[in-house]
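The values are calculated or read from the model by the stated rules, or taken from the named source; none is laboratory data. Values in this document were obtained by computation on a predicted structure and should not be read as measured data. Backbone-built Cβ (ideal geometry, glycine too); neighbour counts: all protein chains shown.
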Amino acid sequence: MTMAAAPDLLVARNVCKTFFEPTRGEDVEALRDVTVAVRPHEFVSVIGPSGCGKSTFLRIVAGLDRPTAGEILVEGRPVVGPGADRGMVFQEYALLPWKTTRANVEFGLRLKGVPRGERARIAGRFIDLVGLTGFENRYPHHLSGGMRQRAAVARVLAVNPTVLLMDEPFAAVDAMTRQRLQEELAAIAAAERTTVLFVTHAIEEAVFLSDRVVVLSGRPGRIIADMTIALPRPRVWAALAQDAAFVDFRERLTRLIHTGGAPVGGHA
Ligand SMILES: Nc1ncnc2c1ncn2[C@@H]1O[C@H](COP(=O)(O)OP(=O)(O)OP(=O)(O)O)[C@@H](O)[C@H]1O
Ligand SMILES: [Mg+2]
């Protein structure tokens, strides 16, 4: 007798997207037949060259855009628009500039009708989790870039989404801060058992964070690989950067992206 595998939490089935490009007066095919399944608690990254449709794909999963064909299912239910079950963190800081850190983190809870005391308790927990205790009363323009992204992560986690969607959330911060944020996100996702779909064009970032990396070809984005990253956790840069298995995953993915999935040399 076999054990039933955990049902997929998020399924993108044969997603296609074609845009009409008014300035050129023609259609642009952005995504072709993209099928991805994410299991509960899994951290999956989508990588691919610039313009291959990564953001388009995430926006479709978020319900901010409609696929031309195919569908998205979350816990078996078709996505027809944005919903609190999918929390999104963008490249640009998604904070309300006129609200403090605390008010930003409480914002989604307020929309959900969570009572004041409960709101404060939940917000405090997530502010603490992302290391912003002491900065609750600051406004976004008095936080560093890395702190703003931490606040954006706390804000989304506080509403307890079924799946966390992240589109290059660390692209705007400096390299050292970025590595710290990656370590923190990996630790938080593991501790909270968050299911994450993460988009990046940084191959190292994808390998460091992920249980699986899905590779899209150049436009139109098609899946050319789906690689399991069998590296132990917890993951920290000081140990992984020189790790042979880490380097091997990074090199294999780099080759895949550069060849667009075609076999390199020799006969297959
Ligand atoms: N609203 C839109 N209307 C027309 N074309 C669009 C629209 N959004 C995206 N595109 C086109 O679809 C393609 C994919 O864009 P997308 O932003 O998804 O790529 P990406 O992989 O996220 O790129 P990057 O790595 O630069 O962020 C591009 O050719 C882009 O010009
Ligand atoms: Mg993008």
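Below are the figures for this structure:
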quantity: Region 49-63, residues that are near ligand 1 (Cβ under 6 Å from one of its atoms) and on the phi > 0 side of the Ramachandran plot; calculated: Gly51, Gly53
quantity: Tabulated pairs, region 187-206, first at pLDDT below 95, second assigned to a helix (DSSP H, G or I) and within 16 Å of ligand 2 (Cβ to nearest atom), C-beta under 9 angstrom, 6+ apart or interchain; calculated: His201/Lys54; His201/Ile257
quantity: Residue that is away from ligand 1 (no atom under 16 Å from the Cβ), acidic (Asp, Glu) and without any contact (Cβ under 8 Å) to a residue 24 or more places away in the chain, where the choices are Glu136, Glu118; calculated: Glu118
quantity: Qualifying residue in region 214-230 (condition: under 22 Å from Thr162 (Cβ atoms) and buried (at least 19 other Cβ atoms within 10 Å of the Cβ)); calculated: yes
quantity: Those residues of region 230-264 which are in contact (Cβ under 8 Å) with a residue 40 or more places away in the chain and among the basic types (Lys, Arg), in sequence order; calculated: Arg233, Arg235, Arg250
quantity: Selection within region 53-92 - within 16 Å of ligand 2 (Cβ to nearest atom) and in contact with a helix residue (DSSP H, G or I) (Cβ under 6 Å, 6 or more places away or on another chain); calculated: Asp65, Met88, Val89
quantity: Helices (runs of 4 or more DSSP H) completely within region 38-138 that count 3 or more residues being over 22 Å from Leu216 (Cα atoms) and hydrophobic (A, V, I, L, M, F, W, C); calculated: 101-111, 116-129
quantity: Matching entry among Gly221, Gly261 (being of a type outside the set (Val, Ile, Thr) and at pLDDT below 95); calculated: Gly261
quantity: Count of residues meeting criterion [in a loop (DSSP other than H, G, I, E, B) and touching a residue at least 40 places away in the same chain (Cβ under 8 Å)] in region 158-180; calculated: 7
quantity: Residues that are hydroxyl-bearing (Ser, Thr, Tyr) and over 18 Å from the mean Cα position of the chain (by Cα), drawn from region 68-108; calculated: Thr68, Thr100, Thr101
quantity: Residue that is more than 30 Å from Ala238 (Cα to Cα), modelled with pLDDT under 90 and not charged (D, E, K, R), where the choices are Asn160, Asn104; calculated: Asn160
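Every residue, every condition in (1) outside the structural domain of Val36 (by TED's automatic domain parsing); (2) part of a strand (DSSP E or B); (3) out of contact with any strand residue (DSSP E or B) (no Cβ under 9 Å at 6 or more places or on another chain), yes or no:
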position	(1), (2), (3)
Gln182	no, no, yes
Val196	no, yes, no
Phe208	no, no, yes
Pro234	yes, no, yes
Gln242	yes, no, yes
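Residues are listed down the side, and each one gets a yes or a no for (1) within 16 Å of ligand 1 (Cβ to nearest atom); (2) modelled with pLDDT of 95 or more; (3) closer than 25 Å to Asn160 by Cα:
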{"position": "Ala4", "(1), (2), (3)": "no, no, no"}
{"position": "Leu9", "(1), (2), (3)": "no, yes, yes"}
{"position": "Asn14", "(1), (2), (3)": "no, yes, no"}
{"position": "His41", "(1), (2), (3)": "no, yes, yes"}
{"position": "Leu73", "(1), (2), (3)": "no, yes, yes"}
{"position": "Pro78", "(1), (2), (3)": "no, yes, yes"}
{"position": "Asp85", "(1), (2), (3)": "no, no, yes"}
